[in-house]
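Each remark here refers to the structure printed beneath this line.
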Amino acid sequence: RKEVEQDPGPFNVPEGATVAFNCTYSNSASQSFFWYRQDCRKEPKLLMSVYSSGNEDGRFTAQLNRASQYISLLIRDSKLSDSATYLCVVKGSGTYKYIFGTGTRLKVLA
Amino acid sequence: SAVISQKPSRDICQRGTSLTIQCQVDSQVTMMFWYRQQPGQSLTLIATANQGSEATYESGFVIDKFPISRPNLTFSTLTVSNMSPEDSSIYLCSVVARVNTEAFFGQGTRLTVV
């Protein structure tokens, strides 16, 4: 089993739609969780950190479920500019390594 | 956030040669990492660059092929040695300022080996 797993997609959604991505992780001792966005031919950039209580930033909401070992990202009112690959990143306890999921491709269609 | 300058941004190299990629950060950081990203794939960690000592390599990566230096807290280099077409990829420098905080990335080096 991979340490961090994501549905690769692509998710093709119309503008204005709500879309959700899930990411599962295998190490129950994992400490830190993040969502990154990567545009084509660009480096990954932090979208948001994921906190135990969940957090929201505008149209984006991230949640953590430690019992089931998954994190989620919800995008409301999708824009064309949201089209990108979304990477789930997990850092374990007692390790310095950041483990990346394979990424989920999102295409928002006009 | 850290500002990272990674050079070169791209290169086309002959097989059998070596390329050194530089990563410069505008502030002192705790951790520096080197990743590889092949087309359509996610990021694979090559190694952690340790200041003043040998890098820590992940399974499948060795020092002879990917020598890494980190002379101080703001600079690191990755060399891709004796290149073959299979080394064609994007190489990314990443830094973490403090433990358990987010990672930042350089712009990447797009390497093509012919």
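The values are calculated or read from the model by the stated rules, or taken from the named source; none is laboratory data. Note that this is a predicted model, so its numbers are computed, not measured. Here the Cβ positions follow ideal geometry from the backbone for every residue, glycine too, while neighbour counts run over all protein chains shown. Protein only, heavy atoms only, side chains kept; ligands, DNA and RNA dropped before computing areas. Shrake-Rupley method; radii C 1.70, N 1.55, O 1.52, S 1.80 Å.
Quick check on B:Thr101: is it at pLDDT below 95, open to solvent by 30 Å² or more (accessible area, probe 1.4 Å) and within 11 Å of chain A (Cβ to nearest Cβ)? Considered against the rule, which asks whether it is at pLDDT below 95, open to solvent by 30 Å² or more (accessible area, probe 1.4 Å) and within 11 Å of chain A (Cβ to nearest Cβ), B:Thr101 comes out as no.
Hey, could you check region A:42-99 for residues that are hydroxyl-bearing (Ser, Thr, Tyr) and surrounded by 21 or more Cβ atoms within 10 Å (Cβ to Cβ) and say which is farthest from B:Ile90 (Cα to Cα)?
The initial filter retains those residues of region A:42-99 that are hydroxyl-bearing (Ser, Thr, Tyr), namely A:49, A:51-53, A:61, A:68, A:70, A:72, A:78, A:81, A:83, A:85-86, A:93, A:95-96, A:98.
Filter once more, keeping what is surrounded by 21 or more Cβ atoms within 10 Å (Cβ to Cβ): A:78, A:85-86, A:98.
Working: A:Ser78: 29, A:Thr85: 16, A:Tyr86: 18, A:Tyr98: 18 Å.
Only one residue tops the list, namely A:Ser78.
If only residues of region A:21-36 that are more than 8 Å from chain B (Cβ to nearest Cβ) and under 15 Å from the mean Cα position of the chain (by Cα) are counted, the one that is farthest from A:Asp82 (Cα to Cα) is A:Tyr25. Do we have any residue at all in region A:77-90 that's over 28 Å from B:Ala97 (Cα atoms) and either touching a Ser or Thr at 6+ places or on another chain (Cβ under 9 Å) or facing chain B (nearest Cβ under 9 Å) (or both)? Scanning region A:77-90 turns up at least one residue that is over 28 Å from B:Ala97 (Cα atoms) and either touching a Ser or Thr at 6+ places or on another chain (Cβ under 9 Å) or facing chain B (nearest Cβ under 9 Å) (or both). A residue that is within 14 Å of another protein chain (Cβ to nearest Cβ), at pLDDT 90 or above and in contact with a Pro (Cβ under 9 Å, 6 or more places away or on another chain) occurs somewhere in region A:37-44.
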